[in-house]
Amino acid sequence: MKTKIVLSIETSCDETSAAVLTQDSSGIKILSNIVASSALLQSSYGGIIPEQAAREQIKSIIPVINEALSEAFPSQSFSTTNPPPIDSIAVTQGPGLIGSLLVGVETAKTLAMIWKKPLIPVNHLLGHFYANWISPNTPNHPDIPNFPCIGLLVSGGHTDLVLFTDHGKFQYLGGTRDDAAGECFDKCARLLNLPYPGGPEISKLAKEGNPKTFPLPRPMINSKDFDFSFSGLKTAVANLINQHTDIPIYLPAGRQGRSTDSLNDLCASIQQAIVDVLVKKTFDAAKKYGVKQIIIAGGVASNRTLSETIAYGNEIRLPRQARISIPPASLCTDNAAMIGAASFFEKPAKNLLGVQANPNLSLAY
Ligand code: KG4
Ligand code: ZN
């Protein structure tokens, strides 16, 4: 198999990312994967302001692409008339914030035009799953997923269960009816005055807490479908905070006279409630479709309690254990490497100028 090289670009939300990847018979490897995030800036507003995120994308896009190219091809320089040695350009087409997406899509179209390279538009959600196809730096890496497999996508905007039977062949099984799993982490963290993004903050405090302290609901855990709902859990947490005034709401200066134990316990209880629903539904799907491979993706996939509960569920919920694939943490949150990996299995656009950012792209066709 001839080695293919792609330059990929991801700008769906508050991360600006560019990567260079290769694909050959030994698998897909990363030559560079640069991520600039405006999350810290967004954190000072308590969440993402779309216009602000788009302005940061504009500032970062060219420096980030330059850095990805110079890390992948050191001591070479490129210009409009001297393209890098790549076979194609891949870009996130959607879903995401329209202002942010436009920056990546229009940049990728321009580069594809001046460098005369094929442009491959990629669905961001598929991209998350394809982080599982990226090999670590060992030849013939054995852990590449097999089909059929159940995919669980858990990110800030999405909670989806998908049955994959081959590259490009998948069936959407279900998803959230309201808040996504990551959004639930973020909204609960906000109720506790924890910084954005809230998932990593809750999981940090949860390490010192007892998940059995607060009996929180596990919404839709026994519904017979593969849908999720997390907004009721957030409301239950809000009610709990109102009832239990002894739970310290985090303030940077700290609160006087209150135990931080109950905050840790509440974080552990929130995390376990979210994780229990995700794990139960994932194994229900694996059992129903008889798959022996499960792939997890998205920012919440880097949650340690999720991976531990999946490992335990694998022992007790299936007649024969499945293979579980979870990308390393750096490839769970938004990055361009996952978009490049997915692009190796997608077709280039026939009409370059017809590629448009689509904030509403989904997996549920
Ligand atoms: O995939 P991602 O980077 O962006 C989207 O496409 O949405 O996911 C971001 C989400 C945020 O909601 C963040 O709070 C959550 O992933 N997250 C986590 C952890 N790390 C990131 N949630 C729980 N535990 C974590 N360790
Ligand atoms: Zn994402």
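Below, the figures for the structure above:
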{"quantity": "Where the Cα pairs of region 1-42 fall when distances are cut into 10 Å bins, in %", "calculated": "28, 39, 23, 9, 1"}
{"quantity": "Carbon and sulfur %, accessible surface of region 285-365 computed with the full protein complex present, 1.4 Å", "calculated": "50"}
{"quantity": "Set LYS169/LYS281; LYS29/LYS109; LYS4/LYS281; LYS169/LYS350 screened for pairs whose C-alpha atoms are more than 27 Å apart", "calculated": "LYS4/LYS281"}
{"quantity": "Where Rh is the Kirkwood radius over Cα pairs, Rg/Rh for the chain", "calculated": "0.99"}
{"quantity": "Accessible area of SER325 in the full protein assembly, 1.4 Å probe (Å², nearest 10)", "calculated": "10"}
{"quantity": "Shape metrics for region 287-360, restricted to C-alpha atoms - Rg then Dmax, Å", "calculated": "16.8, 51"}
{"quantity": "Between 0 and 90°, nearest 10: helix 231-243 axis offset from the chain longest Cα axis", "calculated": "40"}
{"quantity": "Accessible area (Å², per residue) of the chain, counting only protein heavy atoms and a probe of 1.4 Å", "calculated": "44"}
{"quantity": "Distance (nanometres) between label positions extended 7 Å along Cα→Cβ at LYS224 and SER70", "calculated": "6.1"}
{"quantity": "Crossing angle, helix 261-289 versus the chain [Cα axis fit, 0-90 degrees, rounded to tens]", "calculated": "60"}
{"quantity": "Protein accessible area in region 22-176, 1.4 Å probe - carbon and sulfur %", "calculated": "56"}
{"quantity": "Only Lys, Arg (+1) and Asp, Glu (-1) charged, at Cβ; the chain dipole about Cα centre in debye", "calculated": "700"}
{"quantity": "Mean-position separation - Cα centroids, region 302-365 and region 89-151, in angstrom", "calculated": "10"}
{"quantity": "Alpha carbon centroid spacing (whole Å) that separates region 1-56 from region 157-201", "calculated": "19"}
{"quantity": "Helix-derived mean residue ellipticity, 222 nm - over the chain, DSSP H n ≥ 4, -39500 (n - 2.57), to 500", "calculated": "-12000 deg cm²/dmol"}
{"quantity": "Approximate shape of region 177-224 as ellipsoid semi-axes (Cα gyration tensor, √5λ), whole Å, largest first", "calculated": "20, 16, 8"}
{"quantity": "Largest-first ellipsoid semi-axes for region 4-100, taking √(5λ) over the Cα gyration tensor eigenvalues, angstrom", "calculated": "27, 14, 12"}
{"quantity": "Efficiency of FRET from Cβ geometry, ALA364 and ILE241, R₀ 45 Å, rounded to 0.05", "calculated": "0.85"}
{"quantity": "Kirkwood Rh and Cα Rg combined as Rg over Rh, evaluated for region 121-229", "calculated": "1.03"}
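The values are calculated or read from the model by the stated rules, or taken from the named source; none is laboratory data. Bear in mind the structure is a predicted one, so any value in this text is a computation, not a measurement. FYI the Cβ positions are ideal-geometry reconstructions off the backbone, even for glycines, and counts take in every protein chain you see. Just so you know, the surface numbers come from the protein's heavy atoms only, side chains and all, with ligands and any DNA or RNA stripped out. Shrake-Rupley method; radii C 1.70, N 1.55, O 1.52, S 1.80 Å.
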